[in-house]
Amino acid sequence: MALPEWDGELTSVRHDPDTGAWFVIGVHSTRLGPASGGTRAMVYPDPADAVADARRLAGAMTLKMAVAGLPMGGGKSVIALPAPRAALDDATWQRILALHAANLNLLGGNYTTGPDVGTNSADMDTLRTLTPHAFGRSTAAGGPGTSAPATALGVFAAIRAGAAEAGLDGVDGLRVLVQGLGAVGSGVARHAAEAGAKLIVTDVDPARCATAAETFGAEVVGPADVLTRECDVLVPCATGGLLDGATAREVPCAVIAGAANNLLADPVAADVLRRRGITYAPDFVANAGGAIHLVGREVLGWDAGRVTERTLAIGDTLAAVFADAREHATTTVEAAERVAVRTLTGGAPR
Ligand code: NAI
Ligand code: PHE
């Protein structure tokens, strides 16, 4: 397999013939501190896709940590599963976690993991019995618990900042379309509903849509309508890669602010959004609440109040990013990257 170039520090790859799982860890940067980022466990078409995903996601974690002002580098683990997690028996999953822990131990603390798509706090509890290089344990096990509420609060702060930048008058009455009603999306939906937004929701799981309709009076649309349904704010909280150059040309909204990591499938998309006058809150800025929660509570010893304060500050960071993008006539992604680069080049190397 031809390996593409990468600007990260290290990629580790391991295959387990017994389960058929592939384990990839991308350590993108340790400049600001040990690399950190979640463990994503899902099925990939090919191990090469898992390598590419781990590297892309690790790079985004470097930017996320730097912009959020957290003393950590960026990394990510991807476990390419032989079958969807729900279809794996417990023994297989436990073996996969044990091998992942062994890989983390080999990296000796240069990379610490946490939960991501396909893993949760209970998995971190298990990992932590096998390695010190995992955080995000459940509260029952003495950890800070799920990062989702903090991520949702940060995304809501991003929605407010994006609406202000777009000249919309607060969230009250705005049409807010939430894609993905999982741990984060349902939290964002609640904040938006409480602020008076007219909620529109979609999920591939109809039961989640039905709950949102009942709880918040949300209008439900089909998953395929997400890029064509007119709204004021689009809030992607499902998987990444929703917008490429073509879909960015069509999406009918004024603001995009969500949690999904690596939302833009290609770099052209950000420029298309800028030219169309759509305010885009870069994913690695808007969704940093989870990282702030996990690193703040477990690494820096912050209390819940400090985490909330720093999470709400995502709105101020975005206001500065939007202003910088306007001033330099660049995309908001480039403006946020400038903030990250300033921190990365100004931060004391370890
Ligand atoms: P989750 O797995 O709890 O929820 C995802 C939801 O999206 C599920 O309800 C799923 O059915 C739905 N979904 C999947 N594909 C869809 C599609 N094509 N159309 C509509 N709905 C679809 O995940 P969670 O924790 O809520 O995270 C959401 C996103 O935010 C993920 O991309 C994750 O990487 C990102 N993120 C999450 C953080 C956290 O603290 N949980 C932190 C930063 C980013
Ligand atoms: N996976 C989440 C994210 O992408 C939460 C997380 C943050 C996990 C930092 C580990 C470290 O932000």
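The values are calculated or read from the model by the stated rules, or taken from the named source; none is laboratory data. Values in this document were obtained by computation on a predicted structure and should not be read as measured data. Note that we place each Cβ from the backbone using ideal geometry, even for glycine, and neighbour counts take in every protein chain shown. For accessibility, only protein heavy atoms count, side chains too; no ligands or nucleic acids. Shrake-Rupley method; radii C 1.70, N 1.55, O 1.52, S 1.80 Å.
Peptide packing for 293-306, 142-155, 5-18 was compared via the average number of neighbouring C-beta atoms within 10 Å per residue; ordered from the highest value, the list is 142-155, 293-306, 5-18.
Per residue, the accessible area of region 10-141 comes to 36 Å², computed with a 1.4 Å probe over protein heavy atoms only. For the chain, set up a Gaussian network in which alpha carbons nearer than 10 Å are linked by springs, and say which option among 281, 134, 98 fluctuates the most. Evaluated over the chain, the most mobile residue of the options is 98.
Summing Lys and Arg as +1 and Asp and Glu as -1 over all other residues whose Cβ lies under 14 Å from the Cβ of residue 217 gives a net charge of 0. Bridge orientation summary for the chain: considering DSSP beta bridges with both residues in this region, about 30 percent are antiparallel. Counting only protein heavy atoms and a 1.4 Å probe, region 225-350 has 42 square angstrom of accessible area per residue. Picking from 222, 263, 63, whose Cα lies most toward the positive end of the charge dipole for the chain (charges on Cβ: Lys, Arg +1; Asp, Glu -1)? Sorting the options by dipole projection puts first 63. In a simple Cβ point-charge model (Lys, Arg +1; Asp, Glu -1; nothing else charged), the chain has a dipole of about 660 debye relative to its Cα centre. Working from Cα pairs under 8 Å separated by at least six residues, relative contact order for region 10-141 is 27 percent.
Electrostatic bookkeeping for residue 8 treats Lys and Arg as +1 and Asp and Glu as -1; over the other residues with beta carbon under 14 Å from its beta carbon, the sum is 0. Estimated purely from DSSP H runs of n ≥ 4, each contributing -39500 (n - 2.57), the mean residue ellipticity at 222 nm for the chain is -14000 deg cm²/dmol once divided by its residues. Using alpha carbons only, how many angstrom separate the centre of region 276-290 from the centre of region 195-236? Distance between centres, Cα-based: 19 Å.
For region 1-94, a crude dipole built from +1 on the beta carbon of Lys and Arg and -1 on the beta carbon of Asp and Glu, taken about the Cα centre, is about 400 debye to the nearest 20. Between the helical axis of 47-68 and the longest alpha-carbon principal axis of the chain there is an angle of about 60 degrees. The protection proxy used here, the mean number of other Cβ atoms lying within 10 Å of each residue, ranks peptides 172-180, 253-261 as follows, highest first: 253-261, 172-180. Multiplying the residue separation of residue 120 and residue 328 by 0.36 nm and removing their Cα-Cα distance gives an extension gain of 70.8 nm. A simple count of charges around residue 144, restricted to other residues whose Cβ falls under 9 Å of its Cβ and scoring Lys, Arg +1 and Asp, Glu -1, yields +1.
When the accessible area of region 152-252 is computed with all protein chains present and a 1.4 Å probe, what percentage of it is carbon and sulfur? About 51 percent, which is the carbon plus sulfur part of the accessible surface.
Note on region 10-141: antiparallel DSSP beta bridges, both residues inside, total approximately 50 percent of the bridges counted. Ordering 285, 341, 302 by Cα displacement along the dipole of region 285-350 toward the positive end leaves 302 in first place; charges were set at the Cβ atoms of Lys, Arg (+1) and Asp, Glu (-1). Picking from 201, 72, 45, whose Cα lies most toward the positive end of the charge dipole for the chain (charges on Cβ: Lys, Arg +1; Asp, Glu -1)? Positive-most Cα among the choices belongs to 72.
Solvent-accessible area assigned to carbon and sulfur over region 10-141 amounts to 56 percent, based on a 1.4 Å probe. The overall shape of region 16-120 is prolate: from the C-alpha gyration tensor, with semi-axes ordered a ≥ b ≥ c, the ratio a/c is 1.5 or greater and a/b exceeds b/c. Close amide H contacts of residue 33 (hydrogens built in the peptide plane, cut-off under 5 Å, sequence separation of 5 or more or a different chain): 73. Computed over the chain, relative contact order equals 16 percent, with contacts defined as Cα pairs under 8 Å that lie 6+ residues apart. In this rough spin-label picture, where each label sits 7 Å from Cα along the Cβ direction, the residue 225-residue 102 distance is 5.0 nm.
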